[in-house]
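Chemist: Sending over a structure as structure tokens; questions will come in a sec.
The values are calculated or read from the model by the stated rules, or taken from the named source; none is laboratory data. This one's a predicted model, so the numbers in the text were calculated from it and none came from an experiment. Cβ atoms come from the backbone with ideal geometry, glycine included; neighbour counts cover every protein chain shown. All accessible areas refer to the heavy atoms of the entire protein, side chains included, with ligands and DNA or RNA removed. Shrake-Rupley method; radii C 1.70, N 1.55, O 1.52, S 1.80 Å.
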Amino acid sequence: MRDSKILFWLIFSAAIAYVIHCERNNQDFRQLLGVRHLKASRLESWMDPSLPQPEYIHQLGHQKVSRQAKSTDHSHRLLDASHEILPIFPGRGSHYSFVFVGTPPQRQSVIIDTGSHYTAFPCSQCMYCGEHTDPYWSSTNSSTASIPICINDEPCRISQSYTEGSSWTAFKVVDQLWVGGTDVAASPEAVKYSVDFYFGCQTIVTGLFRIQLENGIMGMSPSIDTLPYQLKTQGVTTTRMFGLCFRSDGGILTLGGVDQRLHRSNKEKLGYAVMKKSSSYFGVTILDVLFVTQQQQQQEIKPVRMSIDEDPKKFNTGQGTIVDSGTTDTYLPTTIAKKFTDLFLKFTGDIPFTQENFQLTVQQLKKLPDIVFVLDGVSGGEKVEVVMGWADYVDSVGEDKYSFRIYLTETSGTVLGANFMNGYNIVFDADGQRLGFAPSECNFEEFNPNRPDGDDAYQFRGECGQTVALTECSAFCNRNESAYVSVGVQDFGDPCNLNERPESRPCSQNCSYFKVVRGDPRCPDKPWKECSANCIMSRQVVPPGEPLLKPNGMCNYLQQTSSCYAALCSANDGDYLIFIDMRINLVSANWGYLYTEAFYEAFNLLFKVRSSSIDLLSDSSSNSELIGTTKVHFELRLKAKDFSGVQALHNEAEKIIAIVEGPQFGDHLIDALQVVSQRFDGDRIVRFGWMNGRDITVISARAIPLGEDRDKYGEVSGLHAGVQGSSDWTKVDMILLGVSLGALIVMLTVLYMYRRLQLEYQLNQKDKGSLRSMWQRFLHSTNNTNSEQRQSAFREKETRELEMSSCSLLADEDS
């Protein structure tokens, strides 16, 4: 037994040594365990000590590889002891999150709306409710669903109408509900934030609810019917507080508190505006509206601040001023229209403020003011200034025309919509009767609560001293229009000088509905048509330098032909097929032929193969599960006839696989993509240059020869988990793994033998007890036999005596 214990501890020590070796040689080892604990954050001087501070944060799953940050372990959702941090996704002029409802959970996408009370989405009974990100929710597929009954034994019903004309009708359902990322499996602890929640199962919807991207809506007003209220009531969080941090391509939702590290880029304290107590919404008080010089222009010209100088009561009549995340634009009262438009014209010099579409030059865009809303603060005399940048209230409508997204149409009160909220983390504190505002980048993919400040915070591509694109263009194709130009901004700066404020430049995308197109959006280049029998494909384009329209007003299209792509033409023996699977940090919903052809041209530059020798076999553009990333599967074909011999062909295939699996492949591909983009896009957008190598993850790469040469050379293949420095197994790793497995087998064998010995010993003990018991029973039975014999002899003796006595009595009577 002593030897067994010594052997056990030796084996255990070897296993611990192997684990330590893995952890020291693999920085991602903790991530393999599924949960990473980060140290408690320190309280910075600019933070508000009255707000809850996260003690630790769980990072679960993998949402998107950071575009700039060194750390690549970002997640679907961040949880801490008091609150959770979640991604917000961009809709068509809206912002939404995913909720998971029922057992098993069914995912639904919902618009985040601080201007309404109810949560509702279409259920299986809903007819003509449109197509959305997820299938309709089904109460029959949830084992925990409960449907309250009201009058006439009918389900309780609720309905809601909105000022723009949309409405819905639903019956009430009570079930488990929580907010998460894009997938349940990636957030296994999300259920800890679930509550028994009542929501509307929509059966009828009208207006925008039929055509919107999202399934439904999630009311976030300070009402008892909202999720923040129920999270506190059911003891999941300690407060009704939540935060919304909006940007044009998504944002961050915080439930049960606020993480002030979202404000780290600006290091500004939260400014608190007082919340109107009489309002059933998040109401604030506007004291003034200012026109100021654009922030990016303030270093070039003297800043100007002009006040509208209007009576504050005009902004706050009726329902008052409410912050409404469910309304896309901002609406001001008609009573201030004259002063507003007069001051706007005075500030810009030649640009009238109108509700009609208008044309603007690049120089005129620079004249547009940023608009500052001055709000009443929580302390007497304190004011909070919230800046709405010019790009947040100006929108492109196509044909070089723009429109303003501030409307002077309210008969009373003011609605500060989602474009007012962009670029700020807004804390909705119903318990404290206040709204907090702090500037923030609101970028969930790049928010790492444990990253250092200063020069080591980010790693950018490019050389020091150069001005490069630091962010993606904020213009997205998100409107239900056949032809338009989406306008946004893109930040530029020195990648090595993070203390210098980046320069924001206008950028634009040509769009048709929800896809990016090449050429003028009125007559964009058409995608290639199907391949013909002789391996030729064609499409229609307007050649450069040619008039856009014919005299009859039709597009001046000419037919362009080319050899079909690789997968569309028959292969020959001796050809090589090369398959490359990648994940790219581009929004999959925007993926279109423009991106596909850009990758064809980039591969052409990298591998020196014809564009027609490349094909995209599949992409995830229609997969709503891959929000924020696009998974692509490319095929390259090396034709035997283009090489001097089989060996040269095989060497070229090996070379391509080596390039793809090389540590610099991601950076080289981004550089090639930007060269291609510059050729087609010019200076109006840096489509790929803001990315870096970490945004390209190679999943696998494989080269397969066709025909009789296959057996001779086999497959040139490799599986690559990513280009982010993933290390291969070393010889020492393999030896230690073998030793550990062998030790585990020996330990199990020893335990098995020990158990067998234990059982045999117990059986022996039992057998000994059985022999002793048998001897005692034998002795007992022997004694019983002797006793019975003595008793039988005694009874026989008595019987004989009785018989003799009876005989003597009979003899006496006879005598």
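Chemist: If ligands, DNA and RNA are left out, what is the accessible area of Lys366 with a 1.4 Å probe, given in Å² to the nearest 10?
Modeler: Lys366 exposes around 90 Å² with every protein chain in place.
Chemist: For the range 331-422, which GluC sites (Glu not before Pro) pass both filters: DSSP loop (anything but H, G, I, E, B) and at most 10 other C-beta atoms within 10 Å?
Modeler: Glu356
Chemist: Given a 1.4 angstrom probe, I'd like the percentage of the accessible area of the range 119-170 that is carbon and sulfur, rounded to a whole number.
Modeler: Roughly 51 percent of what the probe reaches on the range 119-170 is carbon or sulfur.
Chemist: Further, regarding this structure: Taking amide H positions as placed in the peptide plane 1.01 Å from N, state which residues far from Ile88 in sequence (5 or more) or on other chains have amide H under 5 Å from it.
Modeler: Gly251, Ile252, Leu253
Chemist: Putting +1 on Lys and Arg Cβ atoms and -1 on Asp and Glu Cβ atoms, find which of Val397, Leu287, Val323 reaches farthest to the positive end of the dipole of the range 249-401.
Modeler: Value: Leu287.
Chemist: Also, I was wondering about something else. What do you reckon, how do Glu503, Glu661 stack up by accessible area (1.4 Å probe), largest on top?
Modeler: Glu503, Glu661
Chemist: Over the range 486-526, with every protein chain in place, what whole percent of the accessible area is carbon and sulfur at 1.4 Å, could you tell me?
Modeler: 43
Chemist: Which one of Phe347, Asn425, Leu360 is farthest out on the positive end of the charge dipole of the range 313-431, using unit charges on Cβ (Lys, Arg +1; Asp, Glu -1) and the Cα centre as origin?
Modeler: Phe347
Chemist: Once amide H atoms are built 1.01 Å from N in the peptide plane, which residues 5 or more positions from Phe353, or in another chain, come under 5 Å H to H?
Modeler: For Phe353, the qualifying residues are Leu345.
Chemist: Can you compute the label reach from Ile204? Point 7 Å from Cα along the Cβ direction, backbone N cut-off under 20 Å, restricted to the range 96-128.
Modeler: 118-128
Chemist: Here is a further query. Tally up the carbon and sulfur contribution to the accessible surface of the range 641-696 as a whole percent, 1.4 Å probe, everything protein left in place.
Modeler: That fraction is 53 percent.
Chemist: Also, quick follow-up: Could you state how much accessible area Lys276 has, in square angstrom rounded to the nearest 10, with a 1.4 Å probe and all protein chains kept in place?
Modeler: About 50 Å², rounded to the nearest 10.
Chemist: Determine the per residue accessible area of the range 262-379 with all protein chains present and a 1.4 angstrom probe, expressed in square angstrom.
Modeler: 48
Chemist: Per 0.36 nm of contour for each residue apart, how much would the distance between Ser700 and Lys339 grow if the chain were fully extended, relative to their Cα-Cα spacing? List each step's numbers first, then the result.
Modeler: Numbers: separation 361, 0.36 × 361 = 129.96 nm, distance 6.21 nm.
Full extension of this stretch gives 123.7 nm more.
Chemist: State the extension gain, in nm to one decimal, for the chain segment bounded by Asp350 and Ser138, taking 0.36 nm per residue of separation less the distance between their alpha-carbons.
Modeler: Stretched fully, the Asp350-Ser138 segment lengthens by 70.7 nm.
Chemist: Please calculate the 1.4 Å probe accessible area of Leu549, with all protein chains present, and give it to the nearest 10 Å².
Modeler: 80
Chemist: Right, next: Pop a pseudo-label 7 angstrom from the Cα along the beta-carbon direction at both Thr361 and Arg305 and give the gap in nm to one decimal.
Modeler: 3.1
Chemist: One-quarter of the Cα convex hull surface for the range 315-455, in nm²?
Modeler: 12.1
Chemist: Report the far tail of the P(r) of the range 241-373, meaning the percent of Cα-Cα pairs longer than 18 Å. Working shown, then result.
Modeler: Working: 5922 of 8778 pairs.
That fraction is 67 percent.
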